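The structure appears below as structure tokens.
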Amino acid sequence: MRDSLPVIRRRFVHTSAGAIHLASAGEGFPILLLHQTPRSWDEFRDVLPLLGRQFQAIAMDTAGFGDSDKLPLAEHSIERWAQIAFEVLDALELPRAVVCGHHTGAVTALEMTASQPERVAALVLSSCPMNDAPRRAAHAGKRTIDDVERRADGSHLGELWSRRQPFYPAGDIDLMERFMVDAIKAGEMAAHGHVVVRNYVMEQRIGLVTSPTLVLKAGSDPHSAPYAERVAAAIAGSRLETIEEGMVPMPDQMPQQFAERILGFLAQQAAG
């Protein structure tokens, strides 16, 4: 029953990037949740209590997004974001965690696992791109999906809505409004976050992943679905699962199914 769900708690922790905002629910072994560009912890608002029934679920705002402090654009990189995420775990006195990321967050989660595998008990990569040299070349210099020119009449907000809406469930105003709030908060990072992913040399890092890994494919997400099999094949022993109706906002679009896949994967790891 919904009444049995743990409450969400919010706080800030201090890192080398300044104050990082996070939300958490539940107790026990930690699961760190990392959002896509240009979202915030709110992407996992409905997932946190579901995971919090069995774990300490923590969703952080990446530096420059949500309520976390901002950095100069030049200081943002996947490697820096991974470092900050570890600093958040350090501030919480958590030596190890399950790490789960969606889209941009998946790329950061992968780098966390590649750089400090002893601290990542298990990895969940949701809608993770395979950002290798061909993909970088194909996207180099191109306008990102959230790159709109600000205008005094506010028409850029309508443009941003229209650019994103085809990748969200038809008629779901609530999900789109949640996206828009985060995009406005992110400011220039709404577009630049995609560039940060584009610049990451994943092909040199993905082979270093040794943690048990679940690759979650959103079957109706044209931006990530084509890469799922390649990502899974590049990680030895990984498990690939598909949520066919999943779209770009899969965690907040389908929180129950999203949480169930994570919990099932972790239960299998515990049994093994």
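The values are calculated or read from the model by the stated rules, or taken from the named source; none is laboratory data. As the structure is a prediction and not an experimental result, all values here were calculated from the model. Neighbour counts run over all protein chains shown; Cβ positions are idealised from the backbone, glycine included. For accessibility, only protein heavy atoms count, side chains too; no ligands or nucleic acids. Shrake-Rupley method; radii C 1.70, N 1.55, O 1.52, S 1.80 Å.
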Candidates per trypsin sites (Lys or Arg not before Pro) in the stretch 94-151, loop by DSSP, up to 11 other Cβ within 10 Å: 142, 143, 150, 151
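Would you kindly calculate the translational diffusion coefficient of the stretch 198-272, applying Stokes-Einstein with the Kirkwood radius from alpha carbon pairs, for 10 °C and a viscosity of 1.306 mPa s, and quote it in µm² s⁻¹ without decimals? Present the calculation step by step, with values, prior to reporting the outcome.
Numbers: Rh = 13.3 Å.
Answer, rounded: 119 µm²/s.
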For the chain, the spread of Cα positions along each principal axis, largest first, Å: 55, 44, 39
Amide H contacts under 5 Å for residue 240, placed H, 5+ residues apart: 215
Surrounding net charge for residue 178, when Lys and Arg each add one and Asp and Glu each subtract one, Cβ distance under 12 Å: -4
Lysines with Cα under 23 Å of residue 70, excluding same-chain neighbours fewer than 8 positions away: 185
Where labels lie 7 Å past Cα in the beta-carbon direction, separation of residue 270 and residue 201 in nm: 4.0
Sites residue 77 and residue 4 - FRET efficiency at Förster radius 41 Å, r taken between beta-carbons, to 0.05: 0.50
Calculated [θ] (222 nm, deg cm²/dmol) that DSSP helices of n ≥ 4 give over the chain, each run adding -39,500 (n - 2.57): -11000 deg cm²/dmol
Equivalent ellipsoid dimensions for the stretch 153-258 as semi-axes, Å, which come from the Cα gyration tensor, largest first: 29, 18, 11
Residue-normalised accessible area of the chain, expressed per residue, 1.4 Å probe, Å²: 41
Gaussian network model of the chain, springs between alpha carbon atoms under 10 Å - residue of 212, 166, 117 with greatest fluctuation: 166
The stretch 77-183 shape via C-alpha gyration tensor axes, a/c threshold 1.5: prolate
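Taking the Cα centre of the chain as origin, work out the dipole magnitude from +1 charges on Lys and Arg Cβ and -1 charges on Asp and Glu Cβ, in debye rounded to 20. Don't jump to the answer; show the numbers that get you there.
Values: 27 positive and 34 negative charges, 66 e Å.
With Lys and Arg at +1 and Asp and Glu at -1, about 320 debye.
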Extent along principal axes [Cα atoms of the stretch 1-136; Å; largest to smallest]: 47, 28, 28
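Just check the stretch 28-98 against the gyration tensor rule for me: Cα atoms, a ≥ b ≥ c as the square roots of the eigenvalues, rounded for a/c under 1.5, and otherwise prolate or oblate depending on whether a/b exceeds b/c.
Numbers: a/c = 2.67, a/b = 1.46, b/c = 1.83.
Judged from the Cα gyration tensor, the stretch 28-98 comes out oblate (a/c at least 1.5, b/c at or above a/b).
Would you work out if the stretch 8-56 is rounded, prolate or oblate? Take a ≥ b ≥ c from the square roots of the eigenvalues of the alpha-carbon gyration tensor; rounded if a/c is under 1.5, else prolate when a/b is larger than b/c, oblate otherwise. Working shown, then result.
Values: a/c = 2.18, a/b = 1.39, b/c = 1.58.
Since a/c reaches 1.5 but b/c is at least a/b, the shape of the stretch 8-56 is classed as oblate.
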Carbon/sulfur fraction of accessible area - the chain, other protein chains in place, 1.4 Å, %: 53
